[in-house]
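Since the structure comes first, as structure tokens, the remarks are kept for the end.
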Amino acid sequence: MYALTATTGKIGGAVLNAILKYQLLSPSSLVICTSSDTTLPQWESLKSQGVQVLTFKHEDPSTMVAALQGCTKLFLVSTPNISMDYFDAPPGKGREASHFAALKAAKEAGVGHVFYTSLAFATGSGAGVMRAHFRTEEFLKGCGMKYTVMREGLYNESWPLYLGFYYGLKNEERGEVVIAGDGPISWTSIRDLGIATALVISEASEKYVGKTFFLSGTETKTLKQVAEMVSRVRGMEVRTKVVSVEEYCRYYIEEKGLDKGNVEWWSTTYPALQQKECWIKDPTFSELLASKGVKPIPVEETIKEMLS
């Protein structure tokens, strides 16, 4: 039995969709672990196929242990509660706290193999977004269960976040976007990550046991190039302005009124980009997609779609 978490989210949902679309696993072998109401109509289609939908709440370990009973493998998606990481959260107090709880429950329930979605930054990265991932990776490797750590590429769909919180999309008026560094980024679409991740999870052999590897496209675009793509789609010039981390924080906190914890946490991403940490050369992702005859969605296509 395979336990899947976060299937109502972006990457978790894409993984579930790929499993079902490509018939990688029998629906009757799947257990959806969710904090949502399991009686909602949204689950009926899955249940009719034989999928189990069970309550799984990080704040209630008993529900996690119960949901994982009889499961041999767990696909654990990192929690999106990023505010837990703000202000340099000490070890065990950031997002990893939720991950630790899930891993302890998995161990208690007798799960034999955990697949964890980390993020595609380099080992030892100073990016705040990686702290919880590194702590979780280390904890997982000491749990006594088989593990596979997939450092998943930066989503195509997340370009607005990296491009100075460019969330206004079509209504954005900024012609100049302030960032705190730039470098080559191996952008990867959520759909494609779902397919590649599903193929790893469903692999019958132990090919990926004990491995930490990158699942990411290898073609890169810098934020400057992303801004140029946005310019072409919108028909207006959008350019990047690289400043220091300190100036970046001052600008977005004082001038733009964004949350201090969020901005400071996110600002550490840019030096990592500048050091080319997100330029991924691991061929695993491309090989997996090719095995299904799938061509990766380029970030240009995603930008056009999001701005259309």
Which one of Ser83, Ser78, Ser62 is within 20 Å of Ile32 (Cα to Cα), out of contact with any Leu (no Cβ under 7 Å at 6 or more places or on another chain), surrounded by fewer than 20 Cβ atoms within 10 Å (Cβ to Cβ) and modelled with pLDDT of 95 or more?
Ser62
Pairs please, first residue from region 1-29 and on the phi > 0 side of the Ramachandran plot, second anywhere and acidic (Asp, Glu), Cβ atoms under 8 Å, 6+ apart in sequence or on different chains.
none
Which of the residues that make up region 216-255 are outside any helix (DSSP H, G or I) and within 20 Å of Ser158 (Cα to Cα)?
Ser216, Gly217, Thr218, Glu219, Thr220, Lys221, Thr222, Val238, Arg239, Thr240, Lys241, Val242
Considering only residues that are surrounded by fewer than 24 Cβ atoms within 10 Å (Cβ to Cβ) and either aliphatic (A, V, I, L, M) or in a strand (DSSP E or B) (or both), which ones fall in region 1-15?
Met1, Tyr2, Ala6, Ile11, Ala14
Which one is surrounded by the most Cβ atoms within 10 Å (Cβ to Cβ), of the residues in region 260-300 that are closer than 29 Å to Arg234 by Cβ and free of Cβ contacts under 8 Å to residues at least 60 places away in the same chain?
Val263
May I ask you to say which residue of Thr34, Thr63 is over 20 Å from the mean Cα position of the chain (by Cα) and under 14 Å from Ala3 (Cβ atoms)?
Thr63
Scanning region 17-47 for residues that are in contact with a helix residue (DSSP H, G or I) (Cβ under 8 Å, 6 or more places away or on another chain) and more than 16 Å from Thr63 (Cβ to Cβ) gives Asn17, Ala18, Ile19, Leu20, Tyr22, Leu24, Leu25, Pro27, Leu30, Leu46
Every listed condition ((1) modelled with pLDDT of 95 or more; (2) among the hydroxyl-bearing types (Ser, Thr, Tyr); (3) surrounded by fewer than 21 Cβ atoms within 10 Å (Cβ to Cβ)) holds for Tyr167 save (1)
Subset of region 216-239 that is in contact (Cβ under 8 Å) with a residue 24 or more places away in the chain and more than 25 Å from the chain's Cα centre (by Cα) - its residue that is nearest to Glu277 (Cα to Cα):
Arg239
Which of the strands (runs of 3 or more DSSP E) found entirely inside region 107-215 contain at least 1 residues meeting this: touching a residue at least 40 places away in the same chain (Cβ under 8 Å) and touching a His at 6+ places or on another chain (Cβ under 6 Å)?
113-119, 146-152
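The values are calculated or read from the model by the stated rules, or taken from the named source; none is laboratory data. Because the structure is predicted, anything quoted here is derived from the model rather than measured. Please note: Cβ atoms are built from the backbone with ideal geometry, for glycine as well, and neighbour counts cover all protein chains shown.
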